[in-house]
Amino acid sequence: MTLTLRDFRPADAKPVADLRRAALRFLLSTPQGVAWQIAAAPPAKRLRSLVAVRDGRVIGQINASLLHDSSRPGQGMATPLVHPDHRGHGAGSALLAAGEEHLSTVGATHGYAWTVDEPGSLVFAARHGYRPTRRADFLRLDLAHTALPPLPAALPPGVRLRTGADFGADPRPLYEADAEAGADEPADVAADAVTYPDWLRTTWENPDLDLGLTSVVTVDGEVAAYTLAATDGLGRYLTTMTGCRRAFRGRGLAKLAKTDALHRARDAGCTEAFTGNDTTNAPMLAVNRGFGYRGCGGEVRHVRELGRR
């Protein structure tokens, strides 16, 4: 069985989406989303996407890029994914080596990677010189059979519930809220330098983003909290981000946005909802468990200083 690595091609979008669904059961992946993620990558990201092919079949993939949305220079990301049926035969190591080489070429001094929180993946990371830094929990909600908290009969004065579609003509207010909340997310490398053009390309124009299921809470006309929603057309709904601007925190507005989004998702026919949280984000984990989300997996973030083993 001959293994070859090559650059991603548009025709690889569907097999890569299938691969991601098999390797990361708690995330959402579509062919259009895969293609968009690569085609719309900002130049500053310096993305290189590679696939591993064995006997004509895509069995692995890696995206290697700079963390360009951080103010800290020299940080890169390269996470190899290999189909569960093809692990243990060198594809992951080959993809990781190629990803690291690209990161070094474009100026990264540190490489970050996520691994599924399973013994084999953790051993793989340690064997390649990576050390764990933080963990994320992924949660699943059975939308078809779980009672959701009701929406309030009346909203507080000045508070309105809107959808992402309401901001189609001018999404900048939603960008400003997302940039502020994202910069405060628990992370090894803060996403504190997201520009509006990059946000439009990578978030707002992402074909997996469902504007009708994205909920936005405004207070006196100002965006205060929001939940960004992605769907795959297969009954799966994913919260890609829930945030609240600093001036409005502590008032339950993020929970209100998420409650509204989940009701919209169920009404639209979604049967499963997924979300993820850093394990140090206790408030959001408590909110999600209050909705009925239950753990379905986890990932561990790792880092290695490039050039050293």
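The values are calculated or read from the model by the stated rules, or taken from the named source; none is laboratory data. Here the structure is a predicted model, which is why all the values come from computation and not from measurement. Don't worry about glycine lacking a Cβ; one is built from the backbone with ideal geometry, like all the others, and counts go over all protein chains shown. For the accessible areas, the whole protein counts, side chains as well, though only heavy atoms, and no ligand, DNA or RNA atoms are used. Shrake-Rupley method; radii C 1.70, N 1.55, O 1.52, S 1.80 Å.
Some notes on this structure:
- Most fluctuating residue given options ARG127, ARG294, ARG266, as computed from a GNM of the chain linking Cα atoms under 10 Å: ARG127
- Taking 7 Å steps out from each Cα toward its Cβ at LEU234 and ASP184 produces label points 3.5 nm apart.
- Residue-level accessible surface for THR195, protein heavy atoms, 1.4 Å, Å²: 60
- Within the accessible area of the chain (1.4 Å probe), percent carbon and sulfur: 52
- The overall shape of segment 25-163 is prolate: from the C-alpha gyration tensor, with semi-axes ordered a ≥ b ≥ c, the ratio a/c is 1.5 or greater and a/b exceeds b/c.
- Residue-wise HN-Hα coupling along segment 23-31, computed from phi with Karplus coefficients 6.51, -1.76, 1.60 (Hz; x: Gly, Pro): 7, 10, 5, 9, 10, 9, 8, 10, x
- Cα convex hull of segment 157-231 - mean projected area over all directions, nm²: 5.3
- Cross-link reach is defined here as a Cα-Cα straight distance under 29 Å, omitting same-chain residues fewer than 8 places apart; for LYS14 the lysines meeting it are LYS45.
- Shape parameters for segment 91-153, alpha-carbon atoms, Rg then Dmax in Å: 18.9, 57
- Adding -39500 (n - 2.57) for every DSSP H run of four residues or longer, then dividing by how many residues the chain holds, sets the calculated 222 nm ellipticity at -8000 deg cm²/dmol.
- Of LEU285, PRO173, ALA113, farthest towards positive along the dipole that unit charges on Lys, Arg, Asp, Glu beta carbons give the chain: ALA113
- Three-way shape label, segment 159-282, alpha-carbon gyration tensor, a/c 1.5: rounded
- 0 to 90° range, to nearest 10: angle between helix 172-183 axis and the chain longest Cα axis: 60
- Evaluating 6.51 cos²θ - 1.76 cosθ + 1.60 at θ = phi - 60° for every residue in segment 37-43, the Karplus couplings come out as 4, 8, 5, 9, 4, x, x Hz, glycine and proline recorded as x.
- Accessible surface computed residue by residue for segment 93-249, with neighbouring protein chains in place and a 1.4 Å probe, gives 45 Å² per residue.
- Whole-angstrom gap from segment 65-94 to segment 1-50, using each part's C-alpha centre: 12
- Here ALA147 and ASP170 are evaluated by their C-beta separation; at R0 = 30 Å the FRET efficiency comes out at 0.25.
- Heavy atoms of GLU100 accessible to a 1.4 Å probe, total area in Å² rounded to 10: 10
- Relative contact order %, the chain, counting alpha carbon pairs below 8 Å whose residues are six or more apart: 23
- Percent of beta bridges antiparallel (DSSP, the chain, rounded to nearest 5): 90
- When each of the peptides 142-155, 50-63 is scored by the mean number of other C-beta atoms lying within 10 Å of its residues, the order from highest to lowest reads 50-63, 142-155.
- Dividing the mean sequence gap of close Cα pairs (under 8 Å, 6+ apart) by how many residues segment 159-272 holds gives a relative contact order of 27 percent.
- Among GLY111, GLY221, GLY212, residue whose mean-square fluctuation peaks in a GNM of the chain (springs only between Cα atoms under 10 Å): GLY221
- Taking a point 7 Å from the Cα of ARG294 along the Cα-to-Cβ direction, the residues of segment 8-46 with backbone N closer than 20 Å to it are 25-27.
- Gain upon complete extension [VAL106, ARG249; 0.36 nm per residue less C-alpha separation]: 47.6 nm
- By a 1.4 Å probe calculation restricted to protein chains, TRP199 has an accessible surface near 10 Å², given to the nearest 10.
- Cα shape, the chain, gyration tensor, a/c 1.5 rule: prolate
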